[in-house]
Amino acid sequence: MIGMLKFSNRPAWLADPLSQPIDWYWFYQAVDRAIQGEALEQTLSDAQALTEQHLACVQTENEAIACARQVDPDYNSSE
């Protein structure tokens, strides 16, 4: 039997994907806007920019919701 690989320096969210710091709000918003007729490439580009700003904020150990509202004042997640 082959043993499980162990990674000593991996982020905690990799071990538990449900705890990952990515907020999918902007991705889903981009998809919704594209379905409504907006340009998919532009909506995805906007979503990526907001998500990257959010991740940068969260990685400095700030609260995820506060970071989301900081990068997008119209943030309205169902959490």
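Every number in this text was worked out from the coordinates using simple rules, so none of it is lab data. Just so it is clear, the structure is predicted and the values come from calculations on it, not from any experiment. Neighbour counts are summed over all protein chains in view; Cβ atoms, including those assigned to glycine, are modelled from backbone coordinates with ideal geometry.
Couple of notes before you dig in:
- Rg/Rg_ref, segment 21-71, where Rg_ref = 2.2 N^0.38 Å and atoms are Cα: 1.18
- Spin-label pair residue 38/residue 22, simplified geometry with 7 Å Cα→Cβ offset, distance in nm: 2.0
- Sum of side-chain charges, residue 38 neighbourhood, beta-carbon under 15 Å (Lys, Arg +1; Asp, Glu -1): -2
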